[in-house]
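Nothing in this text is a laboratory measurement; each read-out follows from the coordinates by a stated rule. Values in this document were obtained by computation on a predicted structure and should not be read as measured data. Here Cβ is always computed from backbone atoms with ideal geometry, including for glycine, and neighbour counts include all displayed protein chains.
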Amino acid sequence: MSHVLRNAAGMSVRFVDLGGIITHIEVPDRDGRFANVVANLPDLDDYRRTSRTYCLGALVGRYAGRIAGARYDGHVLPANEGPNTLHGGDDAFDTRDWRVERIDEAAARLFLVSPDGDQGFPGRLEVAVTYALLPDNALRIVYAATTDAPTVVNLTQHSYFNLGGEPDLSGHRLQLFARRRAAIDGMSIPTGDFPDVAGTKFDFRRPRPIDADFDNSWLLDRPGGLAARLSHPASGRVLEVTTTEPTCHMYNAIHFPADGPLRPRSSIALETQHLPDSPNRPDFPSTRLLPGETFRSETLWRFLVV
């Protein structure tokens, strides 16, 4: 089932029960013309067929990102990217039908219950995600989760943005509010080193074109503040991303199949989340959730025109 959120300014967000997938975000350019700024597919069957290729527009869990060796603390997970687990496994949250409750014209809450042992993760996890469209053309995404046994949780929203409707990102500029990144090995697993980005291709502290391939995490300077700013000067559209999460993972669709329905490097995901492989790295910010606790996280996508 499809749902539409609207605000008084004319902005709209369309999403479906399957994966909580956001299929459209319609925002204006400097001339007041509205257009969709997220990558999408023609129908739900296309989303089902390509869920592991794209995770397109979906809510991702239980664990967004990679877990090395498809295991942690003795729990064996599905290995769906070589020897590792990516985005919670092949039958993860992006493939499930979420229960949707409307709050009002501009907001809805989505619910999912993940049983104990789901994709190898322990504990019965109850998840609630709120999509709320604000008057100033911002979409607030609020995550909450509880468990009945110790588990790990890392949730994100995996929409891909192209603010200009162009075939690639060449007309965009990106700024990341981060001076350090997570170094990774050949399997894209963090090594534990966090080098300074100065003077490297990872330095987006000032706005610049996305002129290389990226599937990397940055440690944010101020969790709770601005994480990223994506702009498209030709249309005047700007996306500002604010989050309570400690990292932003930037992926500019480099692994999209060349013969698929979406072109490689045609859009960009800005995944606000915790670091990959945190369950195996006690030195990383913890993703552990215990009974009696509530996981909470919030990300805001604000769309501006300049």
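Structural remarks
- Members of region 47-88 found to be in a loop (DSSP other than H, G, I, E, B) and surrounded by fewer than 23 Cβ atoms within 10 Å (Cβ to Cβ), listed by number: THR50, ASP73, GLY74, LEU77, PRO78, ALA79, ASN80, GLY82, PRO83
- Flag if ALA138 is over 15 Å from the mean Cα position of the chain (by Cα) and under 30 Å from PRO291 (Cβ atoms): no
- Scanning region 156-167 finds no residues that are out of contact with any Ser or Thr (no Cβ under 8 Å at 6 or more places or on another chain), closer than 21 Å to ARG229 by Cβ and not in a loop (DSSP other than H, G, I, E, B).
- Count of residues meeting criterion [touching a strand residue (DSSP E or B) at 6+ places or on another chain (Cβ under 9 Å), of a type outside the set (Lys, Arg), assigned to a loop (DSSP other than H, G, I, E, B) and touching a residue at least 60 places away in the same chain (Cβ under 8 Å)] in region 3-30: 8
- Test result for PHE284, in contact (Cβ under 8 Å) with a residue 60 or more places away in the chain and more than 30 Å from ASP136 (Cβ to Cβ): yes
- Filtered by the rule that a residue be within 22 Å of ASP203 (Cα to Cα) and charged (D, E, K, R), region 250-292 gives ARG265, GLU271.
- Any hit, region 261-268, residues being of a type in the set (A, V, I, L, M) and surrounded by 15 or more Cβ atoms within 10 Å (Cβ to Cβ): yes
- Number of the exception - THR299 against (1) of a type in the set (Val, Ile, Thr); (2) part of a loop (DSSP other than H, G, I, E, B); (3) out of contact with any His (no Cβ under 7 Å at 6 or more places or on another chain): (2)
- Any chance ARG109 is of a type in the set (Lys, Arg), over 30 Å from ASP185 (Cα atoms) and loosely packed, with under 15 Cβ neighbours inside 10 Å: no
- Filter result (surrounded by 16 or more Cβ atoms within 10 Å (Cβ to Cβ) and either free of Cβ contacts under 8 Å to residues at least 12 places away in the same chain or among the acidic types (Asp, Glu) (or both)) within region 146-202: ASP168
- Test: SER217 is under 18 Å from the mean Cα position of the chain (by Cα), assigned to a loop (DSSP other than H, G, I, E, B) and either polar (S, T, N, Q) or surrounded by 13 or more Cβ atoms within 10 Å (Cβ to Cβ) (or both): no
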